[in-house]
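The values are calculated or read from the model by the stated rules, or taken from the named source; none is laboratory data. Model, not experiment: these values are computed from the prediction. Methodologically, a virtual Cβ is constructed for each residue, glycine included, from the backbone with ideal geometry; neighbour enumeration extends over all protein chains shown.
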Amino acid sequence: MNTKIWLSSPHMGTAEFEFVKEAFDTNWIAPLGPHVDGFEEDLAAFTGVAQVAALSSGTAALHLALVLAGVGRGDEVICQSMTFSASANPITYLGATPVFVDSEPETWNMDPLLLEHAVKDRLAKGKKPKAIIPVHLYGMPAHMEEIMAVANYYDIPVIEDAAEALGSFYKQQACGSIGKMGILSFNGNKIITTSGGGALIGDNTADIQQARFLATQARDAAPHYQHSHIGYNYRMSNVCAGIGRGQMLVLKDRIAKRRDNFHYYQTQLSALPGVSFLQEPRGFFSNRWLSTVLIDPVLSKGVSREMIRLALEKENIESRPLWKPMHLQPVFEGAPAYLNGVSATLFKNGLCLPSGSNLAITALERTVNMIKQLFEK
Ligand SMILES: *Cc1c(COP(=O)(O)O)cnc(C)c1O
């Protein structure tokens, strides 16, 4: 059997283990400590925000962002439909309802025109959405200026889901730093990892401090355990933050390699009939977390997305269909949705190719050759 080629696997540098060892040597084995502070500072410097709270996951970060936005039972929150379920799940943790908005074809992210239509329609139905969650999918920035214009006009806070977009920039601004708050993820498959973790980022110091407070069981200032708020156990551990500090030292290399992967696939495959790649609009910079490809079944002479996926699987090469939109998920059946068909088509025709920053050129060649062979048949 050929060696397995993974979609996106963890890629450690050389300093991570030293940071972790330091945590052990100093016995900072807790959900606080100098590495947590240091990782937060590193992330703030990289993204240009005033404040960062390092947390146990991106999902936890989104949950806290929604708490801070005052989301509660019976409320509605607008969410991009084309995304991973973790963008929408925390809305339901708070007893609120997600309202899904479809994508535009240029970035595959929230369509600003459809967003405005959705906001107007919810207002007409007597409910003002409490927050808007756009996503920078696969690292490609959303059309933030247009989204922020709608959000500001209707005075609704934007929480950017930048879980896949650390290192992506929209007109020089880091993804996650543009809305009221943003969330990052350091899960094992993301561009950098802490084995599991996330962060809430923003410029409002009071908000992020409140997030840290809620994330450590909401303990009031008292010698005994006193609580006036419902708390969570969502802080990042000092051991994980040590991994994160090491990963920050190689983040720029990881972005460069992921972008090289994309460039290689595009150069090798874009001449094939019906095959196309997601382009960066002017002023957009994608970290190319995952390289994705679209197969137009009308032009591709019988080769479908699924044929490619199965052929790669047979060769021990992991690939995966694009995210299945939330409005098509059984668990969100019946949730309000504003649709234009874009995300459904992307799901039907799109494929994520092996994209790790640790892939050898031979792995990329194997993948490309398999795909080319299918088109030659
Ligand atoms: C990974 C991911 C999350 C969740 O992050 P975790 O750290 O895994 O909880 C949220 N949204 C998107 C778009 C993601 O890809």
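Structure summary
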item	result
Among residues of segment 61-83, those that are of a type outside the set (A, V, I, L, M, F, W, C), closer than 19 Å to M326 by Cα and more than 16 Å from the chain's Cα centre (by Cα), counted	2
Residue among E22, E41 that is more than 16 Å from the ligand (Cβ to nearest atom) and touching a helix residue (DSSP H, G or I) at 6+ places or on another chain (Cβ under 7 Å)	E22
Selected residue (only one of A118, A61, A86, A65 is within 28 Å of N349 (Cβ to Cβ), within 14 Å of the ligand (Cβ to nearest atom), modelled with pLDDT of 95 or more and in a helix (DSSP H, G or I))	A86
Evaluation of Q266 against (1) in a loop (DSSP other than H, G, I, E, B); (2) surrounded by 13 or more Cβ atoms within 10 Å (Cβ to Cβ) (one fails), failing number	(1)
Candidate set: segment 68-83, residues that are crowded, with 19+ Cβ neighbours inside 10 Å and assigned to a loop (DSSP other than H, G, I, E, B); chosen: the one nearest to the ligand (Cβ to nearest atom)	T83
Qualifying residue in segment 287-296 (condition: polar (S, T, N, Q), exposed (fewer than 15 other Cβ atoms within 10 Å of the Cβ) and either more than 28 Å from L166 (Cβ to Cβ) or touching a helix residue (DSSP H, G or I) at 6+ places or on another chain (Cβ under 9 Å) (or both))	no
Candidate set from segment 212-254 (those that are in contact with a strand residue (DSSP E or B) (Cβ under 9 Å, 6 or more places away or on another chain) and assigned to a helix (DSSP H, G or I)); member that is surrounded by the fewest Cβ atoms within 10 Å (Cβ to Cβ)	R212
Subset tally (residues that are away from the ligand (no atom under 16 Å from the Cβ) and out of contact with any strand residue (DSSP E or B) (no Cβ under 6 Å at 6 or more places or on another chain)) for segment 144-169	10
Which numbered condition Y153 fails, given (1) more than 19 Å from G182 (Cα to Cα); (2) surrounded by 19 or more Cβ atoms within 10 Å (Cβ to Cβ)	(2)
P141, sole failed condition from (1) on the phi > 0 side of the Ramachandran plot; (2) touching a Cys at 6+ places or on another chain (Cβ under 8 Å); (3) more than 12 Å from the ligand (Cβ to nearest atom)	(1)
